[in-house]
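The values are calculated or read from the model by the stated rules, or taken from the named source; none is laboratory data. Just so you know, these numbers come straight off a predicted model, no measurement behind them. For neighbour counting, all protein chains shown are included, and Cβ atoms are generated from backbone atoms with ideal geometry for every residue, glycine included.
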Amino acid sequence: MAHTVMEHVRDVLVMLAQVLYYWLVAIVRAILPASIQGKDISGETVLITGAETASICKGYGVSVDTYTINLCDREAIYKLADKTVKAFLPDMMTRNHGHIVNIASSAGLIGVTGLADYCASKFAAVGFDESLRFELMAQGKTGINTTVVCPFFINTGMFEGAKTRFPFLLPILEPAYVADKIVEAVLCNQTLLALPRILYVFFAIKGFIPSTSGYLLSKYLGAHNLMDEFKGRQKAE
């Protein structure tokens, strides 16, 4: 019995030491620029899932293959699944090498008034990324990395008319800036990219304050009125 207790104590101490070690590693990597710690991905294929991505990537002069889908067509969804993660992952696992980027949103970390359906899809993307990463780690596939991207509104026209109460805290992001940060995140094997960086603080606060307090903070920051003047991308006449 005493031996079993000692084993549990040892396991707890080992776990805490590992948690502390990787916490310190994360702090150091957050400080070091991508030019120092970045990996070489020249000549490799990058799989990026999510909308509003192709136009950004094309700005870098690279070859981009895109797919569109009718979300009301179940068979079309199943067919397209063979062209995304489901298609690339087996080969990545065989080689224990690869990187998957899932484009989500800040609305995948914190709920937003007027965006219940959109938030549902983005929370799903964040959960998919984390679950996939943990499954790969559990199988020892440490050469395969995932990055989930959670930006605030991007100036692509998709959220035309949406407004922000405090632009100095939550600015409308430019596509080129977001693209640069995604590239840096991939090079540094960053698991979560939130833009702007203040979102990390909001996400952390969400974890330890009461729900009503979160509601009031969200209301003060203007999150309840972001979509009041929303128009969306307008079709050309």
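Can you confirm whether residue 205 is surrounded by 14 or more Cβ atoms within 10 Å (Cβ to Cβ) and either closer than 25 Å to residue 25 by Cβ or at pLDDT 90 or above (or both)? No, not satisfied.
Given the residues 174, 160, 135, which is the only one that is modelled with pLDDT under 85 and either surrounded by fewer than 17 Cβ atoms within 10 Å (Cβ to Cβ) or not basic (Lys, Arg) (or both)? Unique residue meeting the criteria: 160. If you go through region 64-109 and keep only what is closer than 21 Å to residue 185 by Cβ, at pLDDT below 85 and not β-branched (Val, Ile, Thr), you end up with just 88.
For region 76-135, give me each residue that is outside any helix (DSSP H, G or I) and among the small types (Gly, Ala, Ser).
The initial filter retains those residues of region 76-135 that are outside any helix (DSSP H, G or I), namely 82-84, 96-105, 109-115.
Across region 76-135, the qualifying residues are 98, 104, 105, 111, 114.
The residue pairs whose first member lies in region 197-217 and is more than 14 Å from residue 112 (Cα to Cα), whose second member is among the aliphatic types (A, V, I, L, M), and whose beta carbons are closer than 6 Å, counting only pairs six or more residues apart or on different chains, are 198/169; 200/194.
Taking first residues from region 105-124 that are touching a residue at least 60 places away in the same chain (Cβ under 8 Å) and assigned by TED's automatic domain parsing to the domain that holds residue 159 and partners that are of a type in the set (Phe, Trp, Tyr) and outside any loop (DSSP other than H, G, I, E, B), the Cβ contacts under 6 Å between residues at least 6 apart in sequence or on separate chains come to 109/203.
Quick one: is residue 140 modelled with pLDDT under 90, small (Gly, Ala, Ser) and not in a helix (DSSP H, G or I)? Give the steps one after another, and end with the answer.
Details: modelled with pLDDT under 90: no; small (Gly, Ala, Ser): yes; not in a helix (DSSP H, G or I): yes.
Judged against the criteria, residue 140 is not a match.
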